Amino acid sequence: MRWTMLQSAEAVADALIDVYEQRGSENYDESVTQTAHALQCGAHAMAAPASVTTIVAAFLHDIGHLLVDIDVHTARTHGDTDRGVAPQDLRHEDLGARFLATWFPESITEPIRLHVSAKRYLCAIDPEYVDVLSPASIRSMELQGGPMTSAEAERFAALPGSAPAVALRRWDDLAKEVGAPVPSLDTFRTLVESVIVRIPAVEDSDPR
Ligand SMILES: [Fe+2]
C-alpha cells in the first residue's frame, strides 16, 4: 500500500487501523498481542482521562513494531535476541514517530518518540517504579542503557512532550493484562481521524 496516496483523514485512519487488523495479532510480549496492548494502553489514557491527542498517542505508541519488516519473531530467529523482547536497536519509537509525523501533530509524535526514554527516566526518579516492570521490560531497559543519570533525567524532564510521555509509559506498563476489557478498534479509528492535522499532497512526501 502506498501511504502517500491516502488523501483524506478518513483514509489515513482506516489504513492505520488496518495495520492492527493485519499485523496486530503478533505477540507484544509473553502475555498479550500488539493489538490488545495498543487497545489497553489507549483505554488507560481514556480512563485517566487524558486529552484526545494523548489518547491517540497511547493507542499508536508501538506502531513502529508493526511497521518494521523484521518483526520480533524473525529477528529472534536471526539471533538478535533470545530474551523474549523486541530487539531494541530497531528503535521502534523513532520509526513510529517519524512515520506518524506525516499526518499528526507533535503532541502525538513526541510522547511516542520519548516513551522508551521515559522508562529510563522513571527508573531514575521513582524508586518504586521498577517494581511494576515485568522481567522482560527490565531486560529491555538494560539494553536501552539502564536508568538515566540525574543530569539526563533533568534534560529529559525539560523536553516538550516529556510529561505525556511519562504518563504514556505508565499506561504502557499496565497494558499487558490477559483478557482485559477494551474499547473496539473502531472507537480508536474515530479518535485517530479526529486528530489528523495534515494530508500531504501526493508529490510532497514519501514516508514509505
Ligand atoms: Fe508499549
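The values are calculated or read from the model by the stated rules, or taken from the named source; none is laboratory data. Predicted, not measured: the structure shown is a model, and the values here were computed from it. Every residue, glycine among them, receives a Cβ derived from its backbone with ideal geometry; neighbour counts consider all protein chains shown. SASA here: full protein model, heavy atoms, side chains in, ligands and nucleic acids out. Shrake-Rupley method; radii C 1.70, N 1.55, O 1.52, S 1.80 Å.
Any idea which residue in region 69-126 is modelled with the highest pLDDT, counting only those that are of a type in the set (S, T, N, Q) and surrounded by fewer than 20 Cβ atoms within 10 Å (Cβ to Cβ)?
Here is the first cut: in region 69-126, the ones of a type in the set (S, T, N, Q) are 74, 77, 81, 88, 102, 107, 109, 117.
After this cut, where a residue has to be surrounded by fewer than 20 Cβ atoms within 10 Å (Cβ to Cβ) as well, the list is 74, 77, 81, 88, 107.
Values: 74: 37, 77: 29, 81: 35, 88: 45, 107: 98.
Checking each candidate, the answer is 107.
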remark   = Of 38, 15, 58, the only residue that is modelled with pLDDT of 95 or more, assigned to a helix (DSSP H, G or I) and more than 11 Å from the chain's Cα centre (by Cα) is 15
ask   = What number goes with the only condition from (1) open to solvent by less than 40 Å² (accessible area, probe 1.4 Å); (2) within 14 Å of the ligand (Cβ to nearest atom); (3) closer than 20 Å to residue 50 by Cβ that residue 134 does not pass?
value = (3)
message = Yes or no: region 17-31 includes at least one residue that is within 14 Å of the ligand (Cβ to nearest atom), aromatic (Phe, Trp, Tyr) and within 12 Å of residue 188 (Cα to Cα).
response = yes
key: Residues within region 18-35 that are under 16 Å from the mean Cα position of the chain (by Cα), modelled with pLDDT under 90 and open to solvent by 60 Å² or more (accessible area, probe 1.4 Å), tallied   = 1
remark   = If we ask which residues in region 41-61 are within 14 Å of the ligand (Cβ to nearest atom) and open to solvent by less than 10 Å² (accessible area, probe 1.4 Å), their number turns out to be 8
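Would you call residue 153 over 20 Å from the mean Cα position of the chain (by Cα) and surrounded by fewer than 20 Cβ atoms within 10 Å (Cβ to Cβ)? Before the answer, list the steps.
On the way: over 20 Å from the mean Cα position of the chain (by Cα): yes; surrounded by fewer than 20 Cβ atoms within 10 Å (Cβ to Cβ): yes.
Considered against the rule, which asks whether it is over 20 Å from the mean Cα position of the chain (by Cα) and surrounded by fewer than 20 Cβ atoms within 10 Å (Cβ to Cβ), residue 153 comes out as yes.
Somewhere in region 6-17, is a residue under 15 Å from residue 109 (Cα atoms), touching a residue at least 40 places away in the same chain (Cβ under 8 Å) and open to solvent by 30 Å² or more (accessible area, probe 1.4 Å)? Walk me through it before giving the result.
Step one: list which residues in region 6-17 are under 15 Å from residue 109 (Cα atoms), which gives 16.
From what is left, the residues that are touching a residue at least 40 places away in the same chain (Cβ under 8 Å) are 16.
Imposing the further condition that a residue be open to solvent by 30 Å² or more (accessible area, probe 1.4 Å) reduces the set to none.
Checked region 6-17: no residue is under 15 Å from residue 109 (Cα atoms), touching a residue at least 40 places away in the same chain (Cβ under 8 Å) and open to solvent by 30 Å² or more (accessible area, probe 1.4 Å).
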